[in-house]
Structures are given as C-alpha cells and as structure tokens.
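Below is one structure, written out as structure tokens, with a few remarks after it.
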Amino acid sequence: MTNTDLDAYIKDWANKLHAQQVCPYAKSIYDTNKLKVIKLEPPEDVYEFWRAVAEQAELFDGTVEVVMVAMPTNKDIITIDQMIGATDSLNGLYNYKNKDLWFLDAFDDYWTIMLLQKITALDDASDIFQKKEYYKDYHPYRYKKYVKGRKNLRNRLTKT
C-alpha cells in the first residue's frame, strides 16, 4: 500500500480505529459500503476543499452513513489548526441550521479528511457505549468535546 492510494488508506485506517477501540463502527461502515468518498485532486486553494465539504453538507440526507471528503495533505493550503477550527465552526453552523449533522476531521501527512455523519445516530450509539463504560479511559478534553459537546449540540436540534 502506498499512502497515496486513498482506498487502501481508508481500509487500513478503519481497521486501526477498530483495533484501537477508537471508533467501534469504522470497520463495519467500511466493510458494508456505507461510506461515500469524495476524493479531490490536489486543490489550487483551500476554497476548493471547503466548497466540496459545504456541497456534501447541503446534500447530506443520511442515506449513506458517512460521507468523506478527502484531499492530499498540503500544509501550504490548510493546516491542522485550520481544520480543527473549521470543524468546530461547521458543527456550530449546521446545528444553528437545525441539520442532523456532525463533522469530524482527520489530518496527517498524507490526507486531509472531513467526515459527515448524522449527529443523532452518533449520539444514540454514544449513549449505548456510555452505559458500557466505553469512555472511562478517554482523555477528559476528548470526552468533553466529542461526547458531551456532541450531546449538547444534538439536544439543541429541534427535530429530535
């Protein structure tokens, strides 16, 4: 596998997330083809990436469980700090728009990725894992942001 082969990269990543118990659903989502991948060629500027993310967010209706927008990483176009800030902003924006959507970013030397999923589905699964003490060893910041923060956003949706 070369890390420029996105399909192989995703398969390896899903297996690692499963094995490390970071995301218990990653492997099954990949294995059952419930993942839609939008692969961008190296963009000219950051706006190509964000345009693709915005387009997928507007189109997102939950018919596939996860949408992934990916581009080869270029730190001259986007940095990890920009990704984190943008992800938080998108979660706030789409929550304000009352859309059942959660954004999660991934960034490494090879790929810059934005994942889109239903916040209600993630939160429902999180409630099950909470009862099984799945999060007992989570770092407090990670727990507050990704579990409690997501729950707070879900609770602000008026449709759920």
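The values are calculated or read from the model by the stated rules, or taken from the named source; none is laboratory data. From a predicted model like this one, the values you see are computed outputs, not experimental measurements. Every residue, glycine as well, gets a Cβ built from its backbone with ideal geometry; the counts of neighbours run over all protein chains shown.
Residue-level check: of (1) modelled with pLDDT of 90 or more; (2) surrounded by fewer than 18 Cβ atoms within 10 Å (Cβ to Cβ); (3) over 28 Å from ASP45 (Cα atoms); (4) of a type in the set (A, V, I, L, M, F, W, C), ALA125 misses just (1). Going by what's in this entry, would PRO43 be described as touching a strand residue (DSSP E or B) at 6+ places or on another chain (Cβ under 7 Å), part of a loop (DSSP other than H, G, I, E, B) and either at pLDDT below 90 or within 22 Å of ARG142 (Cβ to Cβ) (or both)? It is true that PRO43 is touching a strand residue (DSSP E or B) at 6+ places or on another chain (Cβ under 7 Å), part of a loop (DSSP other than H, G, I, E, B) and either at pLDDT below 90 or within 22 Å of ARG142 (Cβ to Cβ) (or both). Do we have TRP50 as at pLDDT 90 or above, under 30 Å from THR158 (Cβ atoms), touching a Leu at 6+ places or on another chain (Cβ under 6 Å) and aromatic (Phe, Trp, Tyr) here? So TRP50 does not fit the description; no.
The listed residues are TYR134, TYR146, TYR110, and the only one of them that is at pLDDT 90 or above, surrounded by fewer than 18 Cβ atoms within 10 Å (Cβ to Cβ) and out of contact with any Cys (no Cβ under 7 Å at 6 or more places or on another chain) turns out to be TYR110.
Mind checking whether some residue in the stretch 66-79 is more than 22 Å from LEU157 (Cα to Cα) and charged (D, E, K, R)?
Initial filter on the stretch 66-79 (more than 22 Å from LEU157 (Cα to Cα)): 68-79.
Applying the additional criterion that residues be charged (D, E, K, R) yields 75-76.
Yes; the residues of the stretch 66-79 include at least one that is more than 22 Å from LEU157 (Cα to Cα) and charged (D, E, K, R).
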